[in-house]
Amino acid sequence: MNNLERMKKFHQAKWNEPIIYELSTPGERAVLVPGPCCDCVSTDEALGTLPAGMVRKERANLPEIAQLQLVRHYNHLSQENIGVDGNIDIGQGTCTMKYNPKINDRLAGQPKVADMHPLQPDETAQGILEVFYKTGELFKEISGLDVFSMQPGGGSHGVLALASIVRAYWRDKGEEDKRDEIITTLFSHPADCAVPIVKGYKVTIIPPDEEGYPDIEAFKAALSDRTAAIFFTNPEDTGIFNVRIKEFTRLAHEKGALCCYDQANANGLLGITRTAEANFDMSFFNLHKTFGAPHGCGGPATGMVAARKELRPYLPVPLVEYSPEKGYYLDFDLPKSCGKIKSFWGVAPVVVKAYSWIMALGADGLREVSRVAILNNNYCMKKILAIRGASISFPNHPSRIEQARYSWQQLKEETGFGTADVQRCCADFGTHYWSSHEPFVIPEPFTIEPSESYSKQDIDDYTAVLAEISRMCYEEPEAVKHAPVNSTVHHIDHDYFDDPAKYAITWRAYNKKYTGYFEPKKG
């Protein structure tokens with residue numbers, strides 16, 4: 001049996017698993033917490049040591065469940081998911097899915113890391129502070145920049161840190177009110193537009209030219225003495241690397257603006273080109289994803305910020321520093337800082353995993369990661385463009401870096417099926433598929449990113465699935481209409497996502513609207 005035939009026989013477990021609160025039975029316990037070791041302190045005395053505002057008047061509303069039922073519950077949920085350990089997930093384009101070494105999870109989970117408390121005195125936390133500091137030292141080589149903060153808890157959070165530094169910088173220069181504009185590009189990450197707006201900036205978006213590069217003339221027209229900063233992703237999610245990036249930063253600097261580099265797509269750049277050489281003042285990197293820590297799916301993660309030394313006074317506090325006299329320590333003495341971006345220092349386990357990954361690979365290994373990621377992507381691109389109905393964005397641009405954004409526009413025109421239909425079918429093969437950030441700019445888009453982790457066989461198998469779905473669209477339309485049939489969920493009722501009266505994002509809201517597993521309350 002070839003792999004495509006094997007994947008066509010995929011069938012996912014379906015448990016109709018209740019929410020854990022619906023499994024709750026009063027009195028059941030998964031773990032019996034030991035009581036006090038002696039009678040030296042009464043309950044009232046212990047509670048008396050807490051601030052009055054922190055003492056509960058009612059018991060916490062937690063589910064009560066026995067250990068065996070708890071294990072079954074979470075096993076059932078895990079079996080209703082698709083993930084990197086069981087499936088080919090290169091269809092999660094622009095998410096930089098890759099193998100995350102299990103040994104690094106063991107390192108981050110050992111008691112020396114897991115039992116640390118962020119309020120411990122510096123002198124008792126020298127090991128983890130050293131990991132933070134040395135990770136920054138590694139990024140001096142990777143980025144060419146000088147100072148670092150690992151406080152942001154994700155990529156978009158890293159953009160928030162950059163925008164906060166920009167505002168603190170111009171406030172210090174006395175130009176906060178004058179410098180109130182940000183410039184970004186259409187295919188930069190959405191956070192590069194959204195976050196500056198949250199910070200109160202007017203944002204101008206530069207469209208692409210015919211080759212997919214940001215339009216240089218539109219950029220020149222947008223620049224002014226009001227420009228506070230530019231926020232550019234490079235390569236963008238089209239997989240196109242802007243080879244004229246230094247021209248953009250030169251023009252921005254001539255207007256006095258700061259240049260912020262979104263390096264969330266750096267998986268094809270490691271050891272090949274650096275932030276400093278593109279003349280950016282700041283950037284953020286995803287220690288999750290790019291540097292081998294698990295994705296995080298909105299956190300906990302680390303969107304590490306790097307900057308030139310001139311911008312050190314404006315970085316989030318505290319910074320991790322070292323001196324022979326103090327050892328490793330937290331430096332809070334930054335009176336011009338943009339403030340705290342996240343509680344404590346950041347997400348320590350992610351930093352440990354990324355540090356371990358970088359140290360295991362070394363400089364040559366990082367360069368090999370990028371070379372293989374680029375090779376994989378361009379091989380994958382050749383396979384996809386041979387599939388009936390598929391095309392690529394900006395076809396005048398022949399090669400891509402680590403990902404590419406494609407289109408099913410021809411498939412849609414010829415069969416009536418588009419990217420959402422292909423997505424439904426992918427679930428029947430036990431694999432992943434992602435289209436694009438909305439609103440769609442490329443018609444019927446899909447984005448594939450086969451990072452360095454995937455073998456030629458994985459890419460061949462995944463593209464064979466896409467080719468099979470294309471064939472089905474042309475030859476078996478009824479099968480496509482009813483897909484997915486082998487997944488946990490079949491046709492999804494979009495009413496639940498679109499109707500505020502139906503969706504519930506908290507347990508409390510769910511209780512108000514439903515009596516059981518999506519059974520509407522009567523009356």
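What follows draws every value from the coordinates through simple rules; no lab data is involved. In this text, all values refer to a predicted model and were calculated from it rather than measured experimentally. Neighbour counts run over all protein chains shown; Cβ positions are idealised from the backbone, glycine included.
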> Which of the peptides 174-186, 89-101, 144-156 is most tightly packed, and how do the rest follow, judged by the mean count of other Cβ atoms within 10 Å per residue?
Replying inline: 144-156, 89-101, 174-186
> Rounded to the nearest 500 deg cm²/dmol, what is the calculated helix-only ellipticity per residue at 222 nm for the chain, with -39500 (n - 2.57) per DSSP H run of length n ≥ 4?
Replying inline: -11000 deg cm²/dmol
> Each residue of region 88-99 in order: what ³J(HN,Hα) in whole Hz does its phi give by Karplus 6.51 cos²θ - 1.76 cosθ + 1.60, θ = phi - 60°, with x for Gly and Pro?
Replying inline: 7, 10, 5, x, 7, x, 6, 9, 6, 6, 7, 6
>> On a 18 Å Cα-Cα criterion, which of the cross-link pairs Lys98/Lys353; Lys309/Lys336; Lys309/Lys342; Lys98/Lys140; Lys134/Lys340; Lys289/Lys309 come out too long?
In response: Lys309/Lys342; Lys98/Lys140; Lys134/Lys340; Lys289/Lys309
> Which three lengths, in whole Å and largest first, does region 357-430 cover when its Cα atoms are put on their principal axes?
Replying inline: 50, 33, 15
>> Once each part is reduced to its C-alpha centroid, what is the distance from region 342-367 to region 165-219 in angstrom?
In response: 29
> How would you rank 47-54, 112-119, highest first, on the average number of other Cβ atoms within 10 Å across their residues?
Replying inline: 112-119, 47-54
> Working out 0.36 nm times the residue gap between Arg56 and Ala114, then minus their Cα-Cα distance, what length gain in nm do you get to one decimal?
Replying inline: 18.1 nm
> What residue among Tyr74, Ile103, Val131 has its Cα farthest toward the positive end of the dipole of region 36-153, where the charges are +1 on Lys, Arg and -1 on Asp, Glu, each on the Cβ?
Replying inline: Tyr74
>> Can you work out the Karplus-derived ³J(HN,Hα) for every residue in region 510-515? Use 6.51 cos²θ - 1.76 cosθ + 1.60 with θ = phi - 60°, whole Hz, and x for glycine or proline.
In response: 4, 4, 6, 9, 9, 8
> If you wrap region 143-249's Cα atoms in a convex hull and average its projection over all directions, what's the area in nm²?
Replying inline: 7.2
> Can you list the lysines whose alpha carbon is less than 21 Å from that of Lys220, not counting same-chain residues fewer than 8 positions off?
Replying inline: Lys178, Lys202, Lys246, Lys255
